[in-house]
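Heads up, the thing below is written out as structure tokens.
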Amino acid sequence: MREPNLTAIFSSEHLKLKKTKRYSLLFSVTLAAPVLAYLIGGVLIFLPFTLYWWEALFLFLLGGLLFLGDVKREKSAGDFQNIESTEIKKQIYFAKVALNFRTLFGASFILFGAIYLVTLLYGGLLQAESLRLIVVILALLVTSLWNIFFIYYLSNWLNASLVVVINSLLCLFIAPLVAQTKLWLLFPYTYHYKVVEALIGLKPNGVQSPDFLNVDWGMFGSSVGSALLSAVLFFWLLGRRSDVQNSKK
């Protein structure tokens, strides 16, 4: 029997997303960052505070909730039998990660739109360079790609809900501490913090450096490069795990 190609796998995974609460989740979690930033910090620090809450909590939380929804759909459809019984498990997981990444890409532009609207409303008090803001938000997205592969890989051993909780707590509480040490390159959860610090001087503790106009290209390259290498590593590990499981059948 001929195996389906990657396009067919993508189409199949995309169909599973219909009639789900994925888009309401997308809007509610994404917009929670600017709402929380406005309520806590007001207008004057709205921009850095929005980016801080997005990087510290809501970006990884949204990725985790998308993953959790996927796991629940697979369990309700037959406890992963449609994946475990196939030789193309690696391609299926790749499609799942790609679709989640696409949703996070959409969330990134929703976040940009929300920030841009607020800058229009408070033009006299709040200013943002649109191109630079887009670069920052997309850099956040790229440096978090590894995490989508990682949580799928980790779910081979841990309960999916526990994975989401641990993942979010590591990002919110542990990563900012490690990101302020020389060991940050060894801990992937710090990469998205460091790329924002490199681009706009927003430190992992939420404080913006006075020298925020100067880009630290060394830190930028290190964080993006390390994040992409981590994504490749966890994709390989996820694929390797699938190959090992298939070989035992």
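The values are calculated or read from the model by the stated rules, or taken from the named source; none is laboratory data. Given the structure is predicted, the values throughout are model-derived calculations rather than measurements. Positions of Cβ are backbone-derived with ideal geometry, glycine not excepted, and every protein chain shown enters the neighbour counts.
Observations on the model:
- Test result for L15, part of a helix (DSSP H, G or I) and at pLDDT 90 or above: no
- Residue check, Y38 surrounded by fewer than 13 Cβ atoms within 10 Å (Cβ to Cβ), assigned to a helix (DSSP H, G or I) and aromatic (F, W, Y): no
- Residue match in the stretch 103-120 (condition: assigned to a loop (DSSP other than H, G, I, E, B) and in contact (Cβ under 8 Å) with a residue 24 or more places away in the chain): no
- Residue selected from the stretch 161-203 under the condition part of a helix (DSSP H, G or I) and among the hydroxyl-bearing types (S, T, Y), by the criterion surrounded by the fewest Cβ atoms within 10 Å (Cβ to Cβ): S161
- Filtering the stretch 140-149 for residues that are at pLDDT 95 or above and farther than 21 Å from G225 by Cβ leaves an empty set.
- So D216, is it modelled with pLDDT under 95 and acidic (D, E): no
- Filter result for V224 (touching a residue at least 40 places away in the same chain (Cβ under 8 Å) and hydrophobic (A, V, I, L, M, F, W, C)): yes
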